[in-house]
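Undergrad: Okay, handing you the structure first.
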Amino acid sequence: MNTVIPLWDVPTVPVEGSDARFPVRHIYCVGRNYAEHAAEMGGDATKEPPFFFTKAADAIVPVAPGETGTMAYPMATKNLHHEVELVVAIGKAGAKFMPDHALDLVYGYATGLDMTRRDLQNDMREKKRPWDIGKSFAHAAPIGAIQPVARGGHRKRGAITLDVNGARRQTGDLADMIWDVAHTLAFLSKLYELMPGDLVYTGTPAGVGAVVAGDRLDARIEGLAPLSVAIVPGR
Ligand code: MN
């Protein structure tokens, strides 16, 4: 293709057991999907439908199994938070579907981090402005290798944890999600037509907190490839 400026690479994620990669189209994220985390953010989310925000596709930091990814400490924040999350990789298009159809669209699952400029997010929230600057920025979405459903099945339960420099910060179980993957995707599909290449970050358990340059993050979800990320000084 002839382009007027150089064409950039489409962001891609490694796939377990394959040399082929998963191209990323769009990133959706769920807010407050574990009751204890909703409480620590100041609210009771258990009776409300899920809500969503987005990140730019080029925010991903793809990390292959056995490797440690590098995240530059972002600009404009003094309070960068970690949120370990199950990520759903969408393999088929669909809109306005019911939960019992949702899992048919799933290509696979991965361990991810919804990195957050918490000071900016809170500032925007108090001013009733969009969260975007708190959630979507360079390196905001580290992600480990995708495990295809054909290889590992669906993830409905299992421990989800995050260690910083070897100390446990977040602990939960996928079974504790307020809205499971099927219901989350069904809600999301009423707002957007889901497309192959979309990623859905499904929310984080309690224990979110700050990290700084020099920290090492180890995210784990039972049965999936682990995700290790080193925070390095940024601009
Ligand atoms: Mn999150």
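The values are calculated or read from the model by the stated rules, or taken from the named source; none is laboratory data. For clarity, every value in this text was computed on a predicted model and none was experimentally measured. Methodologically, a virtual Cβ is constructed for each residue, glycine included, from the backbone with ideal geometry; neighbour enumeration extends over all protein chains shown. Protein only, heavy atoms only, side chains kept; ligands, DNA and RNA dropped before computing areas. Shrake-Rupley method; radii C 1.70, N 1.55, O 1.52, S 1.80 Å.
Undergrad: Could you tell me which GluC sites (Glu not before Pro) in segment 62-163 are loop residues by DSSP with no more than 15 other beta carbons within 10 angstrom of their beta carbon?
TA: The qualifying sites are GLU67.
Undergrad: Another question about this same structure. Quick one, can you get me the convex hull of the C-alpha atoms of the chain expressed as volume per residue in Å³?
TA: Normalising the Cα hull of the chain by residue number yields 138 Å³.
Undergrad: Sticking with this structure for a sec: Over the chain, with every protein chain in place, what whole percent of the accessible area is carbon and sulfur at 1.4 Å, could you tell me?
TA: 53
Undergrad: Just to be sure I understand: with springs between alpha-carbon atoms less than 10 Å apart, which residue in GLY166, GLY158, GLY112 has the highest mean-square fluctuation in the Gaussian network model of the chain?
TA: Highest fluctuation of the listed residues: GLY166.
Undergrad: Now for a different question. Per the helix-only calculation at 222 nm, which mean residue ellipticity applies to the chain, given -39500 (n - 2.57) for every DSSP H run of n ≥ 4 and division by its residues, nearest 500 deg cm²/dmol?
TA: Mean residue ellipticity, 222 nm, calculated: -3500 deg cm²/dmol.
Undergrad: Compare VAL63, VAL212, VAL13 in a GNM of the chain, Cα atoms joined below 10 Å, and give the one with the largest fluctuation.
TA: Comparing VAL63, VAL212, VAL13 in a Gaussian network model of the chain, the most mobile one is VAL212.
Undergrad: Quick one: Debye curve from the C-alpha atoms of segment 95-235, no solvent, what's log10 I(q)/I(0) at q = 0.10, 0.15 Å⁻¹?
TA: The computed values of log10 I(q)/I(0) come out as -0.38, -0.87.
Undergrad: Testing the spin-label approximation: label points 7 Å from Cα along Cα→Cβ at ALA138 and ARG151. State their distance in nm.
TA: Rounded to a tenth, the inter-label distance reads 3.1 nm.
Undergrad: Below 12 angstrom from the Cβ of ALA141, what's the summed charge of the other residues (Lys, Arg +1; Asp, Glu -1)?
TA: Local charge sum for ALA141: -2.
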